[in-house]
1. Please compute the net charge surrounding Asp51, taking Lys and Arg as +1 and Asp and Glu as -1 over other residues with Cβ under 10 Å from its Cβ.
2. Quick one: 3J(HN,Hα) in Hz for segment 54-63, Karplus 6.51/-1.76/1.60 with θ = phi - 60°, rounded, Gly and Pro as x.
3. Note down the net charge around Tyr78, summing +1 for each Lys or Arg and -1 for each Asp or Glu among other residues with Cβ under 11 Å from its Cβ.
4. Just to check I understand the Karplus step: with θ = phi - 60° and J = 6.51 cos²θ - 1.76 cosθ + 1.60, what whole-Hz values come out for segment 89-95, glycine and proline as x?
5. Excluding Met1 itself, what net charge comes from residues whose Cβ is under 15 Å from its Cβ, given Lys and Arg +1 and Asp and Glu -1?
6. So which of Lys44/Lys95; Lys6/Lys95; Lys6/Lys56 end up more than 27 Å apart by C-alpha?
7. Take each of the peptides 3-16, 64-77, 35-48, average the number of other beta-carbon atoms within 10 Å over its residues, and list them starting from the highest.
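Rule-based calculations on the coordinates, nothing more; no lab input. Source: prediction; values computed, not measured. Glycine gets a Cβ as well: all are built from the backbone with ideal geometry, and neighbour counts include every protein chain shown.
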Amino acid sequence: MTELLKRGLRVLHPIGDRLPYDLGIDSRGRFLRLQVKSAWFDKKAKSYVVDARRTKTNRRRMLRKHYTAADFDFAIIYLADLNAFYVMPVSVFSKYRGTITLIETEKRQRRPRSAQYRERWDLLSDGLFSRKRLKDNLSNSVKPGFRKG
């Protein structure tokens with residue numbers, strides 16, 4: 001939430017935990033729903049991992065459910081030790097069925113698909129919802145910085 005405020009966005013925090021999103025922002029008079037996720041570092045795979053499912057708990061068990069395009073507008077994925085963020089549209093995020101792997105090193109010949117969403121805060125401020133505008137914007141994006149190692 002702090003990062004959104006630093007970027008001058010008007011942040012709304014719903015009361016309760018029954019909604020499929022964590023935060024809302026008012027961007028140019030349009031309400032955007034955000035799902036916030038934290039990634040953890042998998043030492044064996046040398047990559048960051050985030051659970052792409054909704055988790056609910058009751059007294060007896062933990063329930064996991066896949067997100068749909070109707071649940072939120074953007075996922076904000078936070079990599080705490082790098083202080084890095086991925087801003088991913090729900091249309092992309094909801095296609096992952098279990099976990100999302102985020103590679104932060106240049107150990108591959110080609111960039112992973114998720115790299116195009118690293119630090120893409122412009123997606124929120126523009127309120128991009130049309131697939132054509134989103135596709136055009138991503139194809140013109142600046143390559144994110146990777147750490148060596």
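1. On the way: positive: Lys37, Arg53, Arg54, Arg64; negative: none.
That sum, taken over residues with Cβ under 10 Å, equals +4.
2. With the stated coefficients, segment 54-63 comes to 7, 10, 10, 10, 10, 5, 9, 7, 9, 10 Hz.
3. -1
4. Whole-Hz 3J(HN,Hα) from phi for segment 89-95: x, 4, 4, 8, 4, 6, 6.
5. Charge balance in the 15 Å sphere: +2.
6. Table pairs above 27 Å Cα-Cα are Lys6/Lys95; Lys6/Lys56.
7. So the order, starting with the most tightly packed, is 64-77, 35-48, 3-16.
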